[in-house]
Amino acid sequence: MAKTEFHKMDYSGDYLEVGATHNWWLTHSDYTRVNLTSVQVNVTAHPWVFLPHYYSLIPSELSVENVRSRVTENGLVMYFRVKNTGPNPVAYYGVGISFIDE
């Protein structure tokens with residue numbers, strides 16, 4: 001059976017303007033637990049959606065681009081870029097990372 005490990009990070013700050021990007025990098029806490037020859041890594045970015053009775057829902061869309069990994073003397077580092085591909089600026093979003101080891 002596949003083992004799945006999930007991590008979530010949040011961004012809040014200056015607006016991510018339409019067409020703009022944020023660059024992210026991360027290191028896994030313990031790559032010895034992940035079989036790197038058969039692991040699948042999924043990265044997703046989601047605009048925060050507030051409750052409609054408190055806030056108006058503003059159409060928004062994000063994409064994850066340029067996912068890559070590099071082996072360094074200190075271990076594996078993963079890099080990716082979150083881009084605002086929607087019609088409005090985004091002030092808050094979440095990033096989900098899943099490691100699926102078959």
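What to note about this one:
- Count - residues of the range 72-84 that are surrounded by 14 or more Cβ atoms within 10 Å (Cβ to Cβ) and polar (S, T, N, Q): 1
- The residue that is modelled with the lowest pLDDT, among those in the range 85-102 that are surrounded by fewer than 16 Cβ atoms within 10 Å (Cβ to Cβ) and assigned to a loop (DSSP other than H, G, I, E, B), is Glu102.
- None of Gly19, Gly75 is modelled with pLDDT of 80 or more and over 14 Å from the mean Cα position of the chain (by Cα) except Gly19.
- Of all residues assigned to the range 40-52, at least one qualifies as being hydrophobic (A, V, I, L, M, F, W, C), on the phi < 0 side of the Ramachandran plot, out of contact with any Lys or Arg (no Cβ under 6 Å at 6 or more places or on another chain) and modelled with pLDDT of 90 or more.
- Selection of first residues in the range 4-26 that are closer than 19 Å to Val39 by Cβ and of second residues that are outside any strand (DSSP E or B), restricted to Cβ pairs under 8 Å at least 6 apart or on distinct chains, gives the following pairs, ordered by first then second residue: Glu5/Arg33; Glu5/Val34.
- Close Cβ contacts (under 6 Å, 6 or more residues apart or on different chains) running from residues in the range 74-102 that are acidic (Asp, Glu) to residues that are outside any strand (DSSP E or B) and surrounded by 14 or more Cβ atoms within 10 Å (Cβ to Cβ) comprise Asp101/Val34.
The values are calculated or read from the model by the stated rules, or taken from the named source; none is laboratory data. Everything numeric in this text was worked out from a predicted model, so none of it was measured. When we count neighbours, we look across all protein chains shown, and the Cβ atoms used for this are built from the backbone with ideal geometry, even at glycine.
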